[in-house]
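Structure first, then comments.
The values are calculated or read from the model by the stated rules, or taken from the named source; none is laboratory data. As the structure is a computational prediction, the values presented were derived from the model and not from experiment. Don't worry about glycine lacking a Cβ; one is built from the backbone with ideal geometry, like all the others, and counts go over all protein chains shown.
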Amino acid sequence: MIEVKELRRSFGPVVAVDGISFSVEKGQVLGLLGPNGAGKSTAMRMLACFLRPDSGTATILGYDILKNPIEVRRSIGYLAENVPAYNEMTVGSFLNFVCDTRQIKGKERKQALDRIVPKCSIDSVYHQTIETLSKGYKRRVGLAQALIHDPDVLILDEPTDGLDPNQKHEVRKLINKMAKDKCIIISTHILEEVEAVCSRTIIIAKGRILVDSTPGQLKEKYQCGLDAVFRRITRNGKK
Amino acid sequence: MNSFLAVFKRELKSYFTTPLAYVFLVIFLFFSGYLTFKEGFYEMRQADMSAFFMNLPLLFVFMVPSTAMRLWAEERKVGSIELLFTLPITITQAVLGKFFAAWLFLVIALALTFPMVITVCYLGEPDIGLIITGYLGSFLMAGGFLAIGCFFSAVSKNQVISFVLSVVACAVLVFAGMPTTLSYVSTFLPAGLVSAIENMSFQTHFESIQRGVLKFEDLSYFILLIIGWIAACSIVLDERKAR
């Protein structure tokens, strides 16, 4: 469902993503791991068609990110790292705006809202303006806008960052529930999350892929916990 | 509803969900009235709105960039531009949606000056055609200023910088057509260049429309100006959205 080919992007002299290639199939939850500045968010931003790659390309559900960016955006759900939203809007009007842009109308919109609002537990803040929400609620609103059109592909940049342990558990449960019908990429710093939700892990550092494996295989190979595996791989900078 | 309408609707609503619209409207209406009466509206003893329209370019130089400065600078500063451009919206749809929403807001501001029209009609028998073309000229001029403001808003993340750059650009285009500027530049520039400067100015075309004559060159000046700056805004935005 996602096919990434030699994706490369630099900002001035800094190479953020240095020719990464991988593919993700339906039913897989790919965890993108890496230290700060490894290029995870840049890679996700390119897949979501926000940033244009310097070279290389990717296809999502058969649509090329360079040739059909609007089709790609239509078919994915994307949650950005800092959860951007229009702060002066209420949660309800914000979700309605997202429905407007995604052409979700009438009965279909009502069904989508009825499904997503309780799923993301934002019923109690539905009429509140976004600027008054806590970090956790903002993230849940971001998650709701990414899921509202029930996309086949989800790209979630640190989806549980700022959530309390209960909310983290809920979001992980949600991801696990959706996993079998969708193709999901999540980036995270939280290694227990990788074990809880990811069926596959890619560790990147300095824009390059260092490891492409499953959490279980990694632990088996290095005979230690994922924390130690992560430190060993990213400090050495080689496989 | 297509994406253009979605952006347009959201943007227009956002003016009225924050105090911005009300502060702008009060200040605009106060100064448009104040300047009209200060220019000797009664002393002219003529039932027309020339005193009102005469001051609009100067007022617009400050007021329109204050509306336009937030259009893109705020989106980039807050980061909501990442949300906007990961939804199925093209840059052209987003730029036009925001531009037309801001333009409609300025039209609402202009429409709220209707007591002026009532006053003139009450005091005498004005030429309604002149009033209509005056408003049409003001509407086009607001669009031109707005397109410039929209461009500079996309240039910088900082709203103050966007505002200052737009004010300077708009002021240059207004003052280039003032009689004092033209008589000064004619002392050292050939007549052809002076005429070129005159034709580049908002003032010349606005005054021409305001006189009640709708000329193709005046209309095309405003339309081309708007298209040009909006296109430049789209290009700059595409280039700088993620920085």
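Give me the pairs: first residue in the range B:1-28 and more than 12 Å from chain A (Cβ to nearest Cβ), second residue in a loop (DSSP other than H, G, I, E, B), beta-carbon distance under 9 Å, and six or more apart or on different chains, which are they?
B:LEU25/B:LEU112; B:PHE28/B:LEU112; B:PHE28/B:THR113
Provide a single number: the residues in the range A:117-130 that are out of contact with any Lys or Arg (no Cβ under 9 Å at 6 or more places or on another chain) and either within 14 Å of chain B (Cβ to nearest Cβ) or under 15 Å from A:TYR78 (Cβ atoms) (or both).
The initial filter retains those residues of the range A:117-130 that are out of contact with any Lys or Arg (no Cβ under 9 Å at 6 or more places or on another chain), namely A:117-119, A:123-124, A:126-129.
Add one more test, that the residue is either within 14 Å of chain B (Cβ to nearest Cβ) or under 15 Å from A:TYR78 (Cβ atoms) (or both), and what stays is A:127-129.
Here the count works out to 3.
I'm checking my understanding of the structure. Among residues of the range B:29-44 that are in a helix (DSSP H, G or I) and of a type in the set (A, V, I, L, M, F, W, C), which one is farthest from the other protein chains (Cβ to nearest Cβ)? Give the derivation first.
At the first step, the residues of the range B:29-44 found to be in a helix (DSSP H, G or I) are B:29-38.
Narrowing the set further to residues that are of a type in the set (A, V, I, L, M, F, W, C) leaves B:29-31, B:35, B:37.
Numbers: B:LEU29: 24, B:PHE30: 25, B:PHE31: 26, B:LEU35: 32, B:PHE37: 36 Å.
Selected residue: B:PHE37.
Given the conditions (1) β-branched (Val, Ile, Thr); (2) farther than 16 Å from B:ILE226 by Cα; (3) surrounded by 16 or more Cβ atoms within 10 Å (Cβ to Cβ); (4) under 14 Å from the mean Cα position of the chain (by Cα), and given that B:VAL168 satisfies all but one, which numbered condition is not satisfied?
Every condition holds for B:VAL168 apart from (3).
Only one of these conditions is not met by B:ALA47: (1) in a helix (DSSP H, G or I); (2) touching a Gly at 6+ places or on another chain (Cβ under 7 Å). Which number is it?
That leaves (1) as the condition not met.
Applying the selection to the range B:77-87, what residues are in contact with a helix residue (DSSP H, G or I) (Cβ under 9 Å, 6 or more places away or on another chain) and within 7 Å of another protein chain (Cβ to nearest Cβ)? Full working, then the answer.
Within the range B:77-87, the first condition is being in contact with a helix residue (DSSP H, G or I) (Cβ under 9 Å, 6 or more places away or on another chain), and the residues that meet it are B:77, B:80-87.
Those that are in contact with a helix residue (DSSP H, G or I) (Cβ under 9 Å, 6 or more places away or on another chain) and within 7 Å of another protein chain (Cβ to nearest Cβ): B:SER80, B:GLU82, B:LEU83, B:PHE85, B:THR86, B:LEU87.
Could you please find all residues in the range B:29-80 being without any contact (Cβ under 8 Å) to a residue 12 or more places away in the chain and charged (D, E, K, R)?
Answer for the range B:29-80, where residues must be without any contact (Cβ under 8 Å) to a residue 12 or more places away in the chain and charged (D, E, K, R): B:LYS38, B:GLU43, B:ARG45, B:GLU75.
Just name the residue that is nearest to the other protein chains (Cβ to nearest Cβ) out of those in the range A:88-102 that are among the charged types (D, E, K, R) and under 11 Å from B:LEU87 (Cα atoms). Spell out how you get there, then give the answer.
As a first pass, look at the range A:88-102 and keep what is among the charged types (D, E, K, R): A:88, A:100, A:102.
Restricting the remaining residues to those that are under 11 Å from B:LEU87 (Cα atoms) gives A:100, A:102.
Values: A:ASP100: 4, A:ARG102: 6 Å.
Step by step, filter the range A:88-102, then rank; the result is A:ASP100.
For residues in the range A:69-86 being more than 7 Å from chain B (Cβ to nearest Cβ) and at pLDDT below 90, which is farthest from the chain's Cα centre (by Cα)? Please lay out each step first, then the result.
Residues of the range A:69-86 more than 7 Å from chain B (Cβ to nearest Cβ): A:69, A:71-72, A:75-77, A:79, A:81, A:83.
Filter once more, keeping what is at pLDDT below 90: A:81, A:83.
Values: A:GLU81: 8, A:VAL83: 11 Å.
Looking at residues that are more than 7 Å from chain B (Cβ to nearest Cβ) and at pLDDT below 90, I get A:VAL83.
When you go through A:ALA43, A:ALA38, A:ALA58 one by one, which is the residue that is within 14 Å of chain B (Cβ to nearest Cβ) and either free of Cβ contacts under 8 Å to residues at least 12 places away in the same chain or buried (at least 18 other Cβ atoms within 10 Å of the Cβ) (or both)?
From the options A:ALA43, A:ALA38, A:ALA58, the qualifying one is A:ALA43.
How many residues, within the range A:35-47, are at negative phi and outside any helix (DSSP H, G or I)? So that I can check it myself, show each step before the final result.
Within the range A:35-47, the first condition is being at negative phi, and the residues that meet it are A:35-36, A:38, A:40-47.
When the remaining residues are screened for being outside any helix (DSSP H, G or I), the result is A:35-36, A:38.
The total comes to 3.
Against the conditions (1) farther than 29 Å from B:VAL168 by Cβ; (2) away from every other protein chain (no Cβ under 14 Å); (3) not charged (D, E, K, R), where does B:THR90 fall short? Just the number, please.
So the condition that B:THR90 fails would be (2).
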